Amino acid sequence: MTGWVMRALLLGALVVGMRTLLGFAMVYWPTQGSWLRLLCLAALIGAVAAWGILDGRKDREVHPDPEHGSDLTIMWLKAAVAGGVGMGVVSWLLDFLPRFDLGDNPLLFEATVAAAFIVLLIFLPALAGVGIGRMLAERRIEKKPPAGVSGSAA
């Protein structure tokens, strides 16, 4: 399984799970909706940014030269688009099940507007995380003494 497919499946499933939990919560605690939505938004952005930081650090450690690093932008874009559209279709299908309240949105809305919002919520924090991860890895590389150089001057 390629990297972007795994990211798309896991992040799409995370969004569907959070939308489902949010739908259940809105039925039982309708007055708590605003902070629950913010909590789900923060959880998604945090998970994506953390994964991006890990990707950026690993890439910079494998490719210390910035000119020869992996193209993580396209990988994260493919993951974001697949995760967003997949989330929209799965959410639309789950909405037909009894006791699932996911907004009663039509398929066109879920596959375009909702998917585009999720694409942005995956893609932008991931790229910010990649940049931060690469920066952190560069700092770690700069602190290490070059190979073959001893610490004492004889």
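Structure notes:
- Residue 20 being in a helix (DSSP H, G or I), modelled with pLDDT of 90 or more, of a type in the set (Ser, Thr, Tyr) and under 16 Å from residue 125 (Cβ atoms): no
- When the residues of the stretch 22-36 are filtered to those that are surrounded by 12 or more Cβ atoms within 10 Å (Cβ to Cβ) and touching a residue at least 12 places away in the same chain (Cβ under 8 Å), the one that is farthest from residue 83 (Cα to Cα) is 26.
- When 71, 101, 55, 59 are checked against the criterion of being of a type in the set (D, E, K, R) and free of Cβ contacts under 8 Å to residues at least 12 places away in the same chain, a single residue qualifies: 71.
- Search result, residues across the stretch 1-17 that are within 17 Å of the chain's Cα centre (by Cα) and either surrounded by fewer than 15 Cβ atoms within 10 Å (Cβ to Cβ) or not in a helix (DSSP H, G or I) (or both): 2, 3, 5, 6, 10, 13, 17
- For the stretch 23-50, the set of residues classified as touching a Gly at 6+ places or on another chain (Cβ under 9 Å) and either aliphatic (A, V, I, L, M) or closer than 15 Å to residue 126 by Cβ (or both) consists of 25, 26, 48, 49, 50, listed by residue number.
- Single match in 96, 117 (criterion: touching a residue at least 24 places away in the same chain (Cβ under 8 Å) and aromatic (Phe, Trp, Tyr)): 117
- Scanning the stretch 115-143 for residues that are at pLDDT below 90 and of a type in the set (A, V, I, L, M) yields 137, 141.
- So residue 140, is it among the basic types (Lys, Arg) and either over 18 Å from the mean Cα position of the chain (by Cα) or farther than 30 Å from residue 25 by Cβ (or both): yes
- Residue 42 vs. criteria assigned to a helix (DSSP H, G or I) and either touching a residue at least 12 places away in the same chain (Cβ under 8 Å) or within 21 Å of residue 5 (Cβ to Cβ) (or both): no
- Residue list for the stretch 59-108, filter: in a helix (DSSP H, G or I), charged (D, E, K, R) and within 23 Å of residue 120 (Cα to Cα): 59, 78
- Considered as a group, the residues in the stretch 44-80 that are within 17 Å of residue 119 (Cα to Cα) and crowded, with 22+ Cβ neighbours inside 10 Å include one that is nearest to the chain's Cα centre (by Cα), and that residue is 48.
The values are calculated or read from the model by the stated rules, or taken from the named source; none is laboratory data. It should be emphasised that the depicted structure is a prediction, and the values quoted were computed from it without experimental measurement. FYI the Cβ positions are ideal-geometry reconstructions off the backbone, even for glycines, and counts take in every protein chain you see.
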